[in-house]
Amino acid sequence: MGLIPLLVAAFLVYLAAITWTNLRWDGSWWLDLIAGVFIYGVLFLAIYILCLGAHYAFAFVTYSGWLRGTTLTLLIAYRKKQVDLSLATVRYDDRSSVLIATDRRSGTELALAVDALGDAMLPPAQLTALADAISAGRSAEDESQHAAFAVVRRLRTLAGVASGAGPALATPRPDERPRVGD
């Protein structure tokens, strides 16, 4: 589970054990032993659960990311993951507004929340920088890159919406384009 919370809990129980040995109860030694094992066990479990909860709470609260060139780096608590967007397989999940990039070589997957809290969208400059990083070095004629360019168009559309241009300037989806002769 978590090595750091386990070590902290063990150290705190060790300190409690040092204190316990200085106490003497009136009774037989086996009653003292049972009481000590019970108390230390409950103490260890409680401290371990508290430390584990704090460890994971910190892991989900601290989250940052940056783009250097075409490399997207996300720092989530104790882990740092990097993916080169110009070489990665990218997709955009419309339901959760998340950009998902998967490195083809290592299999590392990053999920960047573009529209995390409803109206709290990334600024237009950052959306455009992400789109530029994805399209860098890709050929529009290559059929295997169509999904990546669909993500680029989606990010540029979101950048237009975030800058106040509104949905009127948004690029229509291929199935929404008017047909010739209609």
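The values are calculated or read from the model by the stated rules, or taken from the named source; none is laboratory data. Owing to the predicted nature of the structure, the values given are computational and were not obtained by experimental measurement. Reconstructed Cβ throughout: ideal geometry from the backbone, glycine too, with neighbour counts over all protein chains shown.
So here's what we get for this one:
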| read-out | value |
| --- | --- |
| Scan of the stretch 138-153 for residues that are surrounded by fewer than 13 Cβ atoms within 10 Å (Cβ to Cβ), among the charged types (D, E, K, R) and in a helix (DSSP H, G or I), ordered by number | Glu143 |
| Which listed residue is modelled with pLDDT of 75 or more, of a type in the set (Lys, Arg) and in a loop (DSSP other than H, G, I, E, B), from Arg24, Arg105 | Arg105 |
| Tally, over the stretch 75-96, of residues that are at pLDDT below 80, part of a loop (DSSP other than H, G, I, E, B) and of a type in the set (D, E, K, R) | 0 |
| Complete set of residues in the stretch 61-74 that are exposed (fewer than 14 other Cβ atoms within 10 Å of the Cβ) and not in a loop (DSSP other than H, G, I, E, B) | Val61, Tyr63, Ser64, Trp66, Arg68 |
| Sole exception among (1) farther than 30 Å from His146 by Cβ; (2) surrounded by fewer than 15 Cβ atoms within 10 Å (Cβ to Cβ); (3) of a type in the set (Ser, Thr, Tyr) for Tyr40, by number | (2) |
| Residue match in the stretch 108-118 (condition: surrounded by 14 or more Cβ atoms within 10 Å (Cβ to Cβ), of a type in the set (Val, Ile, Thr), under 18 Å from the mean Cα position of the chain (by Cα) and not in a loop (DSSP other than H, G, I, E, B)) | no |
